[in-house]
Every structure is written in structure tokens, then in C-alpha cells.
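Down below is the structure, laid out as C-alpha cells.
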Amino acid sequence: MSTAEGAGRSWWCELAWLGGPDATSGVLLETGSGGRLARVTAGVAEAPPDAGALRGLTLPGLVNAHSHAFHRGLRGRTQTGGGSFWTWRETMYALAGRLDPERYLALATAAYAEMVLAGITTVGEFHYLHHDPSGRPYSTDAMGEAIVEAAARAGIRLTLLDTCYLWGGIGREPDSVQRRFSDGIVGEWARRVERLDEGPELRVGAAVHSVRALDPGAISVVASWAGERGAPLHAHVSEQPAENEACIAAYGLTPTALLAEQGALGGDFTAVHATHLDAGDLGLLGSSGSSVCFCPTTERDLADGIGPAGELRAAGARLCLGSDSHAVVDLLEEARGVELDERLATGRRGGHHPAELLADATARGAESLGWPGGGRLVPGSPADWCTLDTRHPCLAGTFGPSGAGAAAAVVFAGVAAAVTDVVVAGRPVVTGGRHVVIEDPGAALAAAIEAAWGE
């Protein structure tokens, strides 16, 4: 994705969310070099002749901090019937076993296009589908290269979280499908990730798949690699009670405590899910300044449970959001899910301020993925934003014409379908509700998913 096209352009926003409970009227956004905002000017009554006009409400670009792109092929195939996370996983493995680099490129490109249409300008791809079906490495990092190319084609900013995955469960060899995920030894993971190059819209981070998939020494190696580079480090943490039980049985520690012991926690660390935590876990994540990524639509779909978002925020952890398995691709739904699910669990309303939830969906997600200053409409930040149609039925009449109460309206009533325009690195990617490169993302998704399943 070239950033040069976005240099020196300007857009006038009818309304823009610059933080807080309300939106601001008449905001002029001007881009400079490197795909960044040069100036943000409020109180501009009309669009200047040389500026593009964005009618509606403009937000900083939404940030999807946790994605497994290939899971998009599961939507509609895993939502019915009984079972649990562990039975759902068998269908996921079946899909993983069918993908090659060409099929993955098509599926990920279409999945990312769907995200961009939903106002998502940055995605964190938790990438563990590394090798061929037999577990042998490709001659190049073909699957990682497919993810990078897919993001470039779809026009989305990417943090590739290259995931270390060694075991099929604590102390167990990977099974037939898991061999695709496993590097065997942590040194092989390190050799691959060292060869990955960053770019203007590409960051490289690390991930520990889970405490089930790595020994403590390997966790330490991955954490050290990330720490030495100031790179993002993510891990699935306590998604299921069985994970906690196995970790305590093996090491006498919860997953969070084990990760802390190996040096993983800190300002660049993000615990994904963190659904089943004890008081000690809350303290460790909060005192270390770690982030926690909630994925409410997936956590509902998989019957994972409801995580302690309010307690984590109170303890000092930063929250961000992801669509994970893409049962739904709508970051506004993820944002309100944090509050609404907690209402069900606690019987209390209003634990999370709407402006905080909107910051979770933007700025805090950018911090989690290694884009400091991202997710904000301020000078020097990446020139990423999305605009919602305030005349869309979901938003009509929900806040004042001057922008009063806009954060609450967007979080509790907004939907992805209301997005009309998206700009990434100062470059239009969606205009008038249509992707500027991918003519029919729905058709692309259908074709890619059919090919992935061999239908």
C-alpha cells in the first residue's frame, strides 16, 4: 500500500469524534508525508473547495487487535448444534488442514476487505498456520507472505503476530493437523521471525499461542525476542477452565502467573480473552500495565464465558478488542459487548463509559499492536479513519445535531453497515460504502470459502 497518494490531501468532516462523550462539528483533517495527519482543525463551518467532504460522523480507524483470518471460513458452519470450544476446534482443524498459500491468500484478502468495509483500518493477525499439511516448512514463509499480501490488497494496516506453537497440549506432541502449526523447537520459530521485514503499514510482533502449546523455556525465548525489540507480544490466556487446570497441574501456576514468571507481562504484552482469572491474575495484569483483548462475539459463540473486564480496567490493565473467529465482523458490536455482557453477569449497568469503550476499539488497540499514537485524530497520528452515516436507521435520532452524546450513540447503536468511507494512511479504501479495489467482497468471500472447503 503506497502512502504517497495520501500526502498533502485534506478532508472536511461534518462531525468527528476527537475523544470524550461528544463529537465536534466542522473538523478539517490534513495529511502530510508518510501517511500521517499533519493538522486537525476544529470549527471549520464549511468544506474548503479543495477538501473532500465526509458527511456523517468520522471516527479514528477501528482496530481489530485479534484476528485469525482463516476462521472466516467457519461462519455458518459452527454456530448450530451442541458441543463446546473443544468440539468447535475440530471443525477449525478440518478447515486448517485444507488451506494452501493460494487458498489462504484469497480467503484472507476477502476477510480483510470485509473488515475494511466495517471501518477497521488496522488488524492484528495472530498467525500460526505456518507449514504444509504434513508439517514440513514451505521453501519460503509462504503462509505468512500470503497474510502480508492479503492485507496490502485489501488496504488494511497489519501487525503480523508470528505465533510460536510447539506442543499439541502440555507435554504432548502435536497431532496430525497441529503439525502445520508447530515449529518443533523455538529456534525454528526464531529463525523465521528474524527474516520478516516491516514496512510503512506492516509491523511484526510475536505471539505465544498458549501455555498449552509452549514449554516455559520457549515462552521465555519468545518474550525476550519481543522485549529486546520493543515489539508487541500476544498470547491466548485462560480462555477455558481446562487450560487453567492443566497449567496448575503441570507447573503449580495459573497461565497468567506462568507468563509473568517467564517475563512476558508488561506494557507491550496483550492477554487475549483472559476469561477465567483469579485475583492474583488480575493483580499481575493490572500492575504490569498489560493489555487484555476481549472478543465478545467469539467468546459468546464458543461458550467461553464472560471475562472480568471491569475488574481488569480497575486493576490498571488496558482493554482492546478483536473479532477473533469472525463469527461477526463489527468492532462496535465488540465494544458494546464488553458492557452488555458484563451487565448480564453482574446485574449492574454502566460499568464502562462509552468513550472508554470507543477508545478500546481505537487507540488502545493501536497501542496493543505496536502503532503508538494510532487510533486518534491528532497531528502526527496515522491518517486512518472511518465515517458513519448518521442518517442510517441505526443512528437516526440517537444524538444531537451538534454531536452531543455521539460516543454513546455509536457504541450502543452503531453497526458496521453504517460505514460509508474509510481512509488508511491518507488513502481512500472505501468510498460511498464500496471498496475501491475489490469490486465485490461478498462474492470474493463466497468463492474463497467454497474453494477452501473444496465445494
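With the structure loaded, tell me whether GLY307 is under 27 Å from ALA226 (Cα atoms), in contact with a His (Cβ under 7 Å, 6 or more places away or on another chain) and in a loop (DSSP other than H, G, I, E, B) or whether it fails that test. For GLY307, the condition - under 27 Å from ALA226 (Cα atoms), in contact with a His (Cβ under 7 Å, 6 or more places away or on another chain) and in a loop (DSSP other than H, G, I, E, B) - is met. Can you spot a residue in the stretch 319-327 that is in a loop (DSSP other than H, G, I, E, B), small (Gly, Ala, Ser) and more than 27 Å from ARG229 (Cβ to Cβ)? Yes, the stretch 319-327 contains at least one residue that is in a loop (DSSP other than H, G, I, E, B), small (Gly, Ala, Ser) and more than 27 Å from ARG229 (Cβ to Cβ). Being in a strand (DSSP E or B) and either without any contact (Cβ under 8 Å) to a residue 40 or more places away in the chain or loosely packed, with under 15 Cβ neighbours inside 10 Å (or both) is a condition met by at least one residue of the stretch 49-69. Filter the stretch 287-298 down to the residues that are without any contact (Cβ under 8 Å) to a residue 40 or more places away in the chain and assigned to a helix (DSSP H, G or I), then identify the one that is farthest from the chain's Cα centre (by Cα). For the stretch 287-298, the residue satisfying everything is SER287. Would you confirm, using the coordinates I've provided, whether THR80 is over 24 Å from the mean Cα position of the chain (by Cα) and either among the hydrophobic types (A, V, I, L, M, F, W, C) or surrounded by fewer than 23 Cβ atoms within 10 Å (Cβ to Cβ) (or both)? Criteria met by THR80.
If you go through the stretch 178-221 and keep only what is farther than 17 Å from ILE147 by Cβ and not in a helix (DSSP H, G or I), you end up with SER182, GLY184, ILE185, VAL208, SER210, VAL211, ARG212, ALA213, LEU214, ASP215. Among the residues of the stretch 253-286, those that are touching a strand residue (DSSP E or B) at 6+ places or on another chain (Cβ under 7 Å) and part of a loop (DSSP other than H, G, I, E, B) comprise ALA264, ASP268, ALA274. Taking (1) assigned by TED's automatic domain parsing to the domain that holds VAL27; (2) exposed (fewer than 15 other Cβ atoms within 10 Å of the Cβ); (3) within 30 Å of ALA96 (Cα to Cα) in turn, GLU455 satisfies each apart from (1). Per the conditions (1) in contact with a strand residue (DSSP E or B) (Cβ under 7 Å, 6 or more places away or on another chain); (2) buried (at least 23 other Cβ atoms within 10 Å of the Cβ); (3) over 24 Å from ALA444 (Cβ atoms); (4) not charged (D, E, K, R), the sole criterion not satisfied by VAL186 is (2). Mind counting the residues in the stretch 260-281 that are more than 19 Å from the chain's Cα centre (by Cα), within 16 Å of GLY307 (Cβ to Cβ) and crowded, with 20+ Cβ neighbours inside 10 Å? Qualifying residue count, the stretch 260-281: 3.
Only a single item in (1) part of a helix (DSSP H, G or I); (2) more than 17 Å from the chain's Cα centre (by Cα) is not met by ALA111, and it is number (2). With the structure loaded, tell me whether GLY263 is in contact (Cβ under 8 Å) with a residue 12 or more places away in the chain, assigned by TED's automatic domain parsing to the domain that holds ARG172, touching a Gly at 6+ places or on another chain (Cβ under 9 Å) and on the phi > 0 side of the Ramachandran plot or whether it fails that test. Yes. Regarding the stretch 354-364, can at least one residue be identified that is assigned by TED's automatic domain parsing to the domain that holds GLY73, within 13 Å of THR122 (Cα to Cα), among the hydroxyl-bearing types (Ser, Thr, Tyr) and out of contact with any Cys (no Cβ under 7 Å at 6 or more places or on another chain)? Within the stretch 354-364, one or more residues are assigned by TED's automatic domain parsing to the domain that holds GLY73, within 13 Å of THR122 (Cα to Cα), among the hydroxyl-bearing types (Ser, Thr, Tyr) and out of contact with any Cys (no Cβ under 7 Å at 6 or more places or on another chain). Applying the criterion of being touching a residue at least 60 places away in the same chain (Cβ under 8 Å) and surrounded by 17 or more Cβ atoms within 10 Å (Cβ to Cβ) to the residues of the stretch 193-231, the residue that is nearest to GLY426 (Cα to Cα) is GLU201.
The values are calculated or read from the model by the stated rules, or taken from the named source; none is laboratory data. Predicted, not measured: the structure shown is a model, and the values here were computed from it. Glycine gets a Cβ as well: all are built from the backbone with ideal geometry, and neighbour counts include every protein chain shown.
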